[in-house]
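J.: To start, I am sharing the structure in question, which I have written as structure tokens.
No lab work stands behind these numbers, since they all come straight from the coordinates. Here the structure is a predicted model, which means the values were calculated and not measured. Don't worry about glycine lacking a Cβ; one is built from the backbone with ideal geometry, like all the others, and counts go over all protein chains shown.
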Amino acid sequence: MAEITNALEERQEAKEYPILWWTEWFSQRIEEGKVVNYCGLPYTCKFTLDRTKYDETKVIIIHASSFEPNDVPNLDDVKSRKKALVLNTLESPKPFQIKSEWTSIFTHLWSYSFKADFVSTYFVAGRGPGTFLDYILAKPMYTVQEKNVFRKDLAPVAWIVSSCTAHNGRHFYIKQLLKYIKVDIYGHCMSNKDWPKHPDGQSFTDREVVARYKFYLSIENSNCDDYVTEKIERPYSVGVVPILDGPEDYSRFLATNHSSIRLDDFATPEQLALRIHQLDQDDAAYLKYLDYKDPANPVDSLLNPRLLETFDVPQGTWGPDDNGARCGLCKLAHDMTEGTYQLTSDKVIGPDPTCYFTKWTYISWAAEFYWWIIVLVILGIFAAVSVLIICNKSRKARRSLQTLKYNLMPARWRKKMMAGDNTETEDYQLLASQNEY
């Protein structure tokens, strides 16, 4: 009897729960058949794109980039809390995600956002090869002296970019920056540098390209809370100072509080360029940004506490990465199937209000006419003050100003003004009588 009981328990522990991807992932079926069996749970889960398994699953996932309003699961099952509908996205929010009309149909969010139900950053949590902390603590690929030699042929700053259609208009900022400092740009947007190759014809990796520079533009395509991608991991991994623009709060992702440069700390691109020039000429000041790479320094006491709190997760626990998010989804599938988790009627995700979509869109115009704007504002203030002084001293000038104001005033306001009992009212009554002829 005991043997039968143990066999039943083992069979129950080995139970596998299906999780349905309703959509493909960027037009690919790579999620089909993936098994989640690394969570330390007494059960496993399996992802599938087979919609015939709809009745068997309690958790359904829709990829944001593949979302079609006319192709969604039975929303009655979602509204009645029989199914959980999960929105998956590691990209910056798509336009529909800003509208509650569509975000309100989802019960859970799988995203880079730390406010999501299942957090999956662009990095691997924990310690060991391939983790974010491992990249941060890796030995620099080149010394500052070697970089100074590279500077004979290279700019102080590098940028690898694939698109000039970023939501925040970052390319407008770079166009202004290029007026004051040289930037080697690789990729498909504003490219001015060919991708290097080794003598054997093999192309450099991204990290090999970045490593030869002193600075790297880690500029995200959108400015949203927690949206930080591999653009910061590249420079950190090879000992290069990242120049950042992304979320307002970067503290979870910084090696130290003095390991990077922020665009927002400078009023203009010209001021940023001046700071880069200064550091490019001062090796001692530059190396202070990379002190976390110095093996002589006590690593754990030097690293940013918020970084360690976020990514230095104990072995056997789930961190804010892809595996951690999938383990959370697997637990949700188990709990809903076994009836130990109940969705509430108010368990829905809402629109993302944190994104600043046009941050740099107008910087070219503003930077070009920066001093002219100041001059025009000063002249405008001077003209306004002059008019007020003249009008106060000259009844005729004041009458002319009042005539203009009277003619621009809606009829109901004119009646209200003429109903009063003061000097200004008398002037308006006189103007009214003059305008009758």
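J.: Cα extents of region 132-311 along the three principal axes, largest first, in whole Å?
T.: The principal-axis extents, from largest down, are 41, 39, 31 Å.
J.: Kindly write out, for region 249-254 in residue order, the coupling ³J(HN,Hα) from the Karplus curve 6.51 cos²θ - 1.76 cosθ + 1.60 (θ = phi - 60°), rounded to whole Hz, with x marking Gly and Pro.
T.: These are the phi-based 3J(HN,Hα) values: 10, 9, 4, 5, 10, 8 Hz.
J.: What relative contact order, as a whole-number percentage, does region 73-187 give when Cα pairs under 8 Å and 6 or more residues apart are counted?
T.: 15 percent
J.: For region 235-295, restrict the atom set to alpha-carbon positions and state the Rg and Dmax in Å.
T.: 11.9, 36
J.: Quick one: 3J(HN,Hα) in Hz for region 344-361, Karplus 6.51/-1.76/1.60 with θ = phi - 60°, rounded, Gly and Pro as x.
T.: Working through the residues one at a time gives 9, 5, 9, 7, 9, 9, x, x, 8, x, 8, 7, 10, 6, 10, 4, 10, 4 Hz.
J.: Now a separate question. Out of region 291-354, which chymotrypsin sites (Phe, Trp or Tyr not before Pro) are coil in DSSP terms and have no more than 15 other C-beta atoms within 10 Å?
T.: Qualifying residues, ordered by number: Tyr341.
J.: How do Trp195, Trp159, Trp21 rank when sorted from fewest to most other Cβ atoms within 10 Å of their own Cβ?
T.: Trp195, Trp21, Trp159
J.: If you don't mind, another one. Give the order of His167, His258 when sorted by the count of other beta carbons within 10 angstrom, beginning with the fewest.
T.: Lowest to highest Cβ neighbour count: His258, His167.
J.: What are the ³J(HN,Hα) values, in whole Hz, obtained from phi via the Karplus relation 6.51 cos²θ - 1.76 cosθ + 1.60 with θ = phi - 60°, for each residue of region 194-200 in sequence order, with x given for Gly and Pro?
T.: For region 194-200, the Karplus curve yields 6, 5, x, 10, 6, x, 7 Hz.
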